[in-house]
Amino acid sequence: MTKPVELIPAGVGAISRQAEAWRDTLIAWSEINSGSANLAGLDRMGRVLRDAFAPLADHCELAPVGDGRRCAVLAHRRRSAPLRVLLSGHYDTVYAPDHPFQACTRLDPDRLRGPGVADMKGGLVVMLAALRAFEASPAAENLGWELVIGPDEEIGSAATRPRLEEAARGCRIGLVFEPARQNGDLVGSRKALGSFQIAAQGLAAHAADLSAPGRNAISALMDFLLLARAWPEERPGMLFNIGFIRGGGAANVVPDFAEATIDVRVDRAGDVGWVRDRLESAQAAIAARSGCRFAINGGFSRPPMEENPATDRLFSAWRHAALDLGLTPPAKVHSGGGSDANLIAATGVPCLDGLGVVGGRLHSADEFVHLPSLVERAQLTALGLHRLAAGEIVLD
């Protein structure tokens, strides 16, 4: 049930009267192809975003990241304010310029299908609408914000990561606008993401030559993987997947090489070191009995996003804001997938994720957004920012 209107600043309520304009903005942005490898499309999209956020900021720029071929959109407002918040998102998508899915289609009055409408150009529209509304808040002068929108999240955020971590260290709170769960729930924690390449080097020989036996790299690698596959039984919450394997050739030749790629996901920072130790001990044990040598490459690209008391209080404040807006209060969920929230949380900044739109079928040609969520999620963030600025949310 909606609370008295005085609890909701006028600018927050006004977002609902701009629903069609925000829908049209989402369509325009989604139909700019900004696949992670499409440098021309990324440049075009980055410029559109810079121009959209610049009127709200003290400074807004396209800043080269990584090798300089891509740019992050960076903006800030009121850096001298007593409380500063980081808002983060990305503008790259998984759809290449030659992908057949390039245009938006209205499925029904409440659903729009289109490339990146949920992940996460819808989230970028929510960010813009929320900041516009918040800047009309009478408490806005008490809160400063940093904005980082990266061009490479879908391929790991390696280039944007230093900019994101630098911005996070100057802020008290992180807000990330990846899509919400399909029921509107927020993400309060995420697993760490690790990818490792395991290579076994053996000794080739004729399979029938008993006088000069070889060392079978495939057999050694299989022993390694079977050992590693049991690790989740020892570490609750750990996910382990063998995603790629190759090796060998003719059936009458002892294979001298085999390799595999494994995906490992864990919940806690301590688990990261545990996995590394187990990889080292496994290779030593299998090498000793097989005579093969092992090489292990890779690592954890995203640390875990772990819950803490400040995150809990932030989530509680967002639930209360949802109730005051007449929305279903979101629950807080744990996600096995990674996002830039992992990187922000690793700097020690409490973070909420999943603040973007409600949608589904991400990364497919059926990706869609629930259009009313553009307004609902923008109002939720704008009200949360207002209450942070007004001192109504206490994190310590």
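The values are calculated or read from the model by the stated rules, or taken from the named source; none is laboratory data. Quick caveat, the model's predicted, so the values are computed rather than measured. Here the Cβ is made from the backbone with ideal geometry for all residues, glycine too, and neighbour counts use every protein chain on show.
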Scan segment 173-197 for residues that are surrounded by fewer than 18 Cβ atoms within 10 Å (Cβ to Cβ) and more than 26 Å from Ile242 (Cα to Cα) and report the count. 4
Considering every residue within segment 85-93, establish whether at least one is within 16 Å of the chain's Cα centre (by Cα) and closer than 12 Å to Ser30 by Cβ. yes
So Pro236 fits all but one of (1) surrounded by 19 or more Cβ atoms within 10 Å (Cβ to Cβ); (2) out of contact with any strand residue (DSSP E or B) (no Cβ under 8 Å at 6 or more places or on another chain); what number is the exception? (1)
When segment 181-227 is examined, which residues are found to be part of a loop (DSSP other than H, G, I, E, B) and either within 30 Å of the chain's Cα centre (by Cα) or free of Cβ contacts under 8 Å to residues at least 24 places away in the same chain (or both)? Arg181, Gln182, Asn183, Gly184, Asp185, Lys191, Asp209, Leu210, Ser211, Ala212
Could you go through segment 267-285 and let me know if any residue there is under 23 Å from Arg302 (Cα atoms), among the charged types (D, E, K, R), touching a Lys or Arg at 6+ places or on another chain (Cβ under 7 Å) and crowded, with 18+ Cβ neighbours inside 10 Å. yes
What number of residues in segment 63-77 are in contact with a strand residue (DSSP E or B) (Cβ under 7 Å, 6 or more places away or on another chain) and surrounded by fewer than 19 Cβ atoms within 10 Å (Cβ to Cβ)? 2
Restricting attention to segment 81-89, does a residue exist that is hydrophobic (A, V, I, L, M, F, W, C), in a loop (DSSP other than H, G, I, E, B) and touching a helix residue (DSSP H, G or I) at 6+ places or on another chain (Cβ under 7 Å)? yes
Selected residue [in contact (Cβ under 8 Å) with a residue 60 or more places away in the chain, within 30 Å of Glu392 (Cβ to Cβ), aliphatic (A, V, I, L, M) and part of a strand (DSSP E or B)] from Leu147, Leu131: Leu147
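Working carefully through the options Arg23, Arg47, Arg84, find the one that is in contact with a Gly (Cβ under 6 Å, 6 or more places away or on another chain) and either within 19 Å of Ala129 (Cβ to Cβ) or assigned by TED's automatic domain parsing to the domain that holds Leu380 (or both).
Arg84
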For segment 319-333, name all the residues that are of a type outside the set (Ser, Thr, Tyr) and either surrounded by fewer than 16 Cβ atoms within 10 Å (Cβ to Cβ) or more than 20 Å from the chain's Cα centre (by Cα) (or both). Arg319, His320, Ala321, Ala322, Leu323, Asp324, Leu325, Gly326, Leu327, Pro329, Ala331
Just one of (1) over 23 Å from Glu234 (Cβ atoms); (2) in a strand (DSSP E or B); (3) over 27 Å from the mean Cα position of the chain (by Cα) trips up Ala251, so point out which. (2)
Only one of (1) in contact (Cβ under 8 Å) with a residue 24 or more places away in the chain; (2) surrounded by fewer than 21 Cβ atoms within 10 Å (Cβ to Cβ); (3) assigned to a helix (DSSP H, G or I) fails for Leu49. Which number is that? (2)
